[in-house]
1. Among the numbered criteria (1) surrounded by fewer than 18 Cβ atoms within 10 Å (Cβ to Cβ); (2) in contact with a Ser or Thr (Cβ under 6 Å, 6 or more places away or on another chain), which single criterion is violated by residue B:126?
2. Tell me, which residue of the stretch A:118-139 that is farther than 14 Å from residue A:158 by Cα and open to solvent by 30 Å² or more (accessible area, probe 1.4 Å) is nearest to the other protein chains (Cβ to nearest Cβ)?
3. Within the group B:230, B:149, which residue is open to solvent by 40 Å² or more (accessible area, probe 1.4 Å) and either part of a strand (DSSP E or B) or closer than 26 Å to residue B:63 by Cα (or both)?
4. If the Cβ limit is 8 Å and pairs must be 6+ apart or interchain, which residue in the stretch A:41-63 that is among the hydroxyl-bearing types (Ser, Thr, Tyr) pairs with which residue that is open to solvent by 60 Å² or more (accessible area, probe 1.4 Å) and not in a strand (DSSP E or B)?
5. Can you tell me which residue in the stretch B:191-227 is surrounded by the fewest Cβ atoms within 10 Å (Cβ to Cβ), limited to those that are assigned to a strand (DSSP E or B), within 16 Å of the chain's Cα centre (by Cα) and more than 14 Å from every other protein chain (Cβ to nearest Cβ)?
6. Might you let me know whether the stretch A:156-171 holds any residue that is among the polar types (S, T, N, Q) and surrounded by 17 or more Cβ atoms within 10 Å (Cβ to Cβ)?
7. Taking the condition of being of a type in the set (Lys, Arg) and in contact (Cβ under 8 Å) with a residue 40 or more places away in the chain, how many residues in the stretch A:152-202 meet it?
8. Test of understanding: among A:97, A:42, A:3, which residue is in a loop (DSSP other than H, G, I, E, B), more than 30 Å from residue A:144 (Cβ to Cβ) and modelled with pLDDT under 95?
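The values are calculated or read from the model by the stated rules, or taken from the named source; none is laboratory data. In this text, all values refer to a predicted model and were calculated from it rather than measured experimentally. Please note: Cβ atoms are built from the backbone with ideal geometry, for glycine as well, and neighbour counts cover all protein chains shown. Each accessible area value is taken on the protein alone, full model and side chains, heavy atoms only, with ligands, DNA and RNA left out. Shrake-Rupley method; radii C 1.70, N 1.55, O 1.52, S 1.80 Å.
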Amino acid sequence: MHRASVAAVALALLLSGGGGPARAQITQEPVKPLPDPARFSRGLYADAELGSVFFLGNAHRALGFGTAFGARLGYDLLRWVALQAHVLGSTHETNLRSGAGSGELLQLYQGTAELKLSVPIRQIAIAAFGGLGFGHFSTNLLATSRLRLDRQTSLLYAGGLGLDYHTLTRHFSFGLQGTFVKVVELAVPGGVSVTAYARYTF
Amino acid sequence: MRVAMRMIAGATPLVLAAGCDLNTPVYFAPEAPVTSNPDEAYGARATVAVVYRRPTPGERDNLRMASEARGVPIPWVRLRDVALSIQYTITNLSDRAGTAFLHVDGATQYTRYDAAMIRQAFVQAAMNENNVPYVPSLIQSVPIPVPARASVSGVVREDEIAEAALDLDAIGRWMAPYQVVLYHHSSRSRLGLEMVPAQVELPQFIELTVSLEADRPMRLEFLVRARDARGILAESGDERFSPNPMNFIPAAAMPMMPAMMMPAAAEDAAAMPGATPDAGQ
């Protein structure tokens, strides 16, 4: 009985630890969740865009704001320079002064080859691009209007600025772009496209 | 494989966009707007030619063989290949409300119908302008009220143009009485169309003449809209199809030797073996 009591007391003392308060051991600060731009994918990329196209001058009233869909295929030659091929189609509803011909749908298809220069700042990149290509109006309706566009297909020049935001993944980024387009055969100052895009870099 | 699928998915919208160019409308406009002239019985008018390309030698041979097989001449410009409509705007230039009427005449590759010209023929035959019957146009609008200093827009629909093409072909090639045919819609009554063969292939218009008749000074602006399902509208570089349609003049308006100007003469020439769709050029 006496031995059992002593054993019980000894066991209780052993289990109670008999030491001071517990402390966690920190060996290393956790890694901050910011992506490393050096690890972003580079090379072949493709993006899809959605936005609006409108013209300046006399064509603004005639063509209004058109809904635009586009796609781009490009290749990063270096981290800050890329070559890309761009196609964009926009649909416009006409509003001609003569009345006859108003309310018709007219599409403009643009295809350009572009050079893009960008300045990456961590996850954000600011880009400027320019190029030339061809534009094609789907009908000859503008030839019957005061705009007197006799040729449906025309050479065009394009240039603009873009803002790109890279996600935490290696491949995906999103952005906004504004482009000025000059359709050579169309006697107006030019057109502007504003689009938002989603890009995948392979 | 994954890269190829992604590229196909990316190219599909481009292909669809390019395909959208098929059957997109082509517009034909008159040289200038039409301003109403109260002194003209059928108002001021403008004519728009719808420009088609000439058939190739192979197409011409196929057309000839098909015509022989069917037993009736088949036109190069067929109604079912090209759909035409007219979009118009009438602007009242005066300070008082007015009423306008739109008249549409035209020509197929076989026959031209011009109400003003027919009326003139009646005048010459009758020697008395007061004794001339009213000559209807192929298409006549209902009265169009136009408020002062305002514009009214409208459309002469594709089905209305198609009905006019049927009427003109019946009058020109199949001896239909023109007044009976023009005052009856074929969907309601086949009166006057008894001589039109069941297997006939109807021709489409190659030109349209639009007239504005108004009781106030008014201006008419219009466009002819063509949808080409067969690719026969002329593009740059194509040779133009230029037939020589016969002018329809009713027998009652021919005071001298009506047999020499029978409308059937030109149609017979076109139906002769070896005749080309633009025979007479």
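1. Of everything listed in (1) surrounded by fewer than 18 Cβ atoms within 10 Å (Cβ to Cβ); (2) in contact with a Ser or Thr (Cβ under 6 Å, 6 or more places away or on another chain), residue B:126 misses just condition (2).
2. Looking at the filtered set, the residue picked out is A:136.
3. B:230
4. A:41/A:170; A:41/A:202; A:45/A:202
5. Here the answer is B:207.
6. no
7. Total satisfying the criteria: 2.
8. After ruling out the rest, the residue left standing is A:42.
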